[in-house]
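Comments concern the structure below.
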Amino acid sequence: MGIRLAVGMLIFVATPVLAASTAGLSPEMWERVRAAGSAAIDLEPTPSPQAPASLSLKECIDPALRHNASYRQDQQRLLDARRGLWVADERLFYAATGSAKQEKSPGGTPETSLSADLGTRWEATSGGSLQADVGTGTQGILGDLLSQQPSVAVSYDQPLVRGAGLASSTYERIRSAHTALATQELSFFDSRQQLVERVIGDYFGVLLARGEVEIAQRAVDRSKQLYDINYAKFTGEGLKKPDEVWVSQVAEIDVDQARLSWEQSKQNLISQQQSHRDALDGLLLDIGFIPTGTPELTTSITYKPQEYDETALIQVALGNSTQLGRLELSRQDALAALRIARSQRLPDVIASAGITDLGDTVNGVPVSTGWFGAVRMEVPLWDRQRTETASKAERALSVLEQQIVAARDQVSQSVQQQIRAATTSRARIAIGEESVILARKNREAAQGMYDEGLSDYLRVLDAEDRLVQAERSLLNEQVQYFLTTLRVRGALGEDVTQGLPE
């Protein structure tokens, strides 16, 4: 029995090495991106646990990454991209076919025939393919399975121009899967950053609401104290002695105004308590806990002013921008599409070589075995569709290049805006600290003048309102400054889970 073997008579074409593209990002940034998706992915549903008695900011991060439903979808997409690369990287394919049938011609006897074929194909990223086939031929009876024209064939085909090298379908399939995985890794890093930033924002939102409650409670206590003083001065209760004639030291309107101020401050306290409860529920939902209970948040609001070098930070942000990274990966896809489109306009030249055996023998001597070699060529004279496909790819690449330019400008502007916001917030905090000091002095002075009868009670109420507003404004600015510094870190590609306050 002879053998057909088609071996490449061409010089071996080196297989291009495919590696995950860094998409123009800094090595440090890619390490952070890889680290974000390195943990094992478990998509099994998990019940929402009860919130613990206390929670620090850092203790909120892990539950959010473990329980958040939207984050699970991002994990699924990352896993799908990994599996997609595993599938795309398959280059050895198997195929088995077989048939059994019974035929009967008019006036003849039934005839049973059997046949089976097993084929394998290995694809090189350079575009070549090595294929081997084994066939039994058509058999009459099962016992004679390999006696009637069995065949074996092995062949190697190598495109020389069109569909070869970087334009081969095999190379492009694997390259595209690598790019899709890298793109999904960047998106997964962004989604992780966004979830952590949202949790931090919610956490500090609760701290802000709690601070508002504390300010409102102090305002209630002060209003209650002023009301008690004015009521005592008006009625003499607790001031006059038995059988003593008492002359009111304040007007009834002052008592009413003090009572009105007290009631309004209690209303504001109730509203702030509700806002605090709503903010806490939102935090618990984001981190995957049942929104019941009131865990104590142990991380406090701190103010640590920082200096920023705008020029240096812009360069860091440009090197670490995941937005630019995804656009660069899209650019690689566009270049590949253009490369393939241009390749399709070239002549199609395929070289083949091999040896074959169909199992035909005469007196036991094979008659159909022999080496073969061939070069097939197809020269496209004019193909409007292929020409337009290449032109379309060129236009898409040009538009994408402009998008990259615009994205770089956007990244630079975003860093500038965040730095300006941080600088402005620092200045407002300095002013706010002075304002609180002055508001307290003003309130004490107004109270003193009222006690001496030098002004009416409206000045005291106005001074109280100004103090509350100054305290709330300072607290809000301190929270906003921290969140602004967090956004700066995010724009620089830093892992926002690191360096958080205790």
Original post:
Does GLN264 qualify as being under 42 Å from the mean Cα position of the chain (by Cα), modelled with pLDDT of 85 or more and not in a loop (DSSP other than H, G, I, E, B)?
Top reply: no
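Any idea which of THR46, THR125 is in contact (Cβ under 8 Å) with a residue 12 or more places away in the chain, touching a Ser or Thr at 6+ places or on another chain (Cβ under 7 Å) and in a loop (DSSP other than H, G, I, E, B)?
Numbers: THR46 fails: touching a Ser or Thr at 6+ places or on another chain (Cβ under 7 Å).
After applying the criteria, what remains is THR125.
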Subject >> Output for the stretch 409-466, where each listed residue is hydrophobic (A, V, I, L, M, F, W, C) and within 30 Å of GLN257 (Cα to Cα) >> reply: VAL436, ILE437, LEU438, ALA439, ALA445, ALA446, MET449, LEU454, LEU458, VAL460, LEU461, ALA463
Original post:
Quick one: in the stretch 106-127, which of the residues that are acidic (Asp, Glu) and within 22 Å of ALA95 (Cα to Cα) is surrounded by the most Cβ atoms within 10 Å (Cβ to Cβ)?
Top reply: GLU123
Original post:
Any idea how many residues of the stretch 470-497 are crowded, with 20+ Cβ neighbours inside 10 Å, of a type in the set (S, T, N, Q) and at pLDDT below 90?
Top reply: 0
Subject >> So LEU500, is it surrounded by 14 or more Cβ atoms within 10 Å (Cβ to Cβ), touching a Ser or Thr at 6+ places or on another chain (Cβ under 9 Å) and at pLDDT below 90 >> reply: yes
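Here is a yes/no grid of residues against (1) part of a helix (DSSP H, G or I); (2) not aliphatic (A, V, I, L, M):
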position: ASP190; (1), (2): yes, yes
position: ILE200; (1), (2): yes, no
position: TYR203; (1), (2): yes, yes
position: ALA209; (1), (2): yes, no
position: ALA216; (1), (2): yes, no
position: ASP221; (1), (2): yes, yes
position: ALA232; (1), (2): yes, no
position: ASP243; (1), (2): no, yes
Original post:
Of LEU458, LEU438, LEU467, which residue is aliphatic (A, V, I, L, M), under 27 Å from ILE229 (Cα atoms), over 34 Å from the mean Cα position of the chain (by Cα) and modelled with pLDDT under 90?
Top reply: LEU458
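Among the residues of the stretch 168-187, is there at least one that is part of a helix (DSSP H, G or I) and either out of contact with any helix residue (DSSP H, G or I) (no Cβ under 8 Å at 6 or more places or on another chain) or within 19 Å of GLU378 (Cβ to Cβ) (or both)?
Here is the first cut: in the stretch 168-187, the residues part of a helix (DSSP H, G or I) are 169-187.
Checking the rest, the ones that are also either out of contact with any helix residue (DSSP H, G or I) (no Cβ under 8 Å at 6 or more places or on another chain) or within 19 Å of GLU378 (Cβ to Cβ) (or both) come to 169-170.
Checked against the condition, which is being part of a helix (DSSP H, G or I) and either out of contact with any helix residue (DSSP H, G or I) (no Cβ under 8 Å at 6 or more places or on another chain) or within 19 Å of GLU378 (Cβ to Cβ) (or both), the stretch 168-187 yields at least one hit.
Quick grid of which residues meet (1) within 30 Å of GLY499 (Cα to Cα); (2) touching a helix residue (DSSP H, G or I) at 6+ places or on another chain (Cβ under 7 Å):
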| position | (1), (2) |
| --- | --- |
| GLY24 | yes, yes |
| THR46 | yes, yes |
| HIS67 | yes, no |
| ARG82 | no, yes |
| ALA88 | no, yes |
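The values are calculated or read from the model by the stated rules, or taken from the named source; none is laboratory data. Being a predicted model, the structure only gives us computed values, none of them experimental. Don't worry about glycine lacking a Cβ; one is built from the backbone with ideal geometry, like all the others, and counts go over all protein chains shown.
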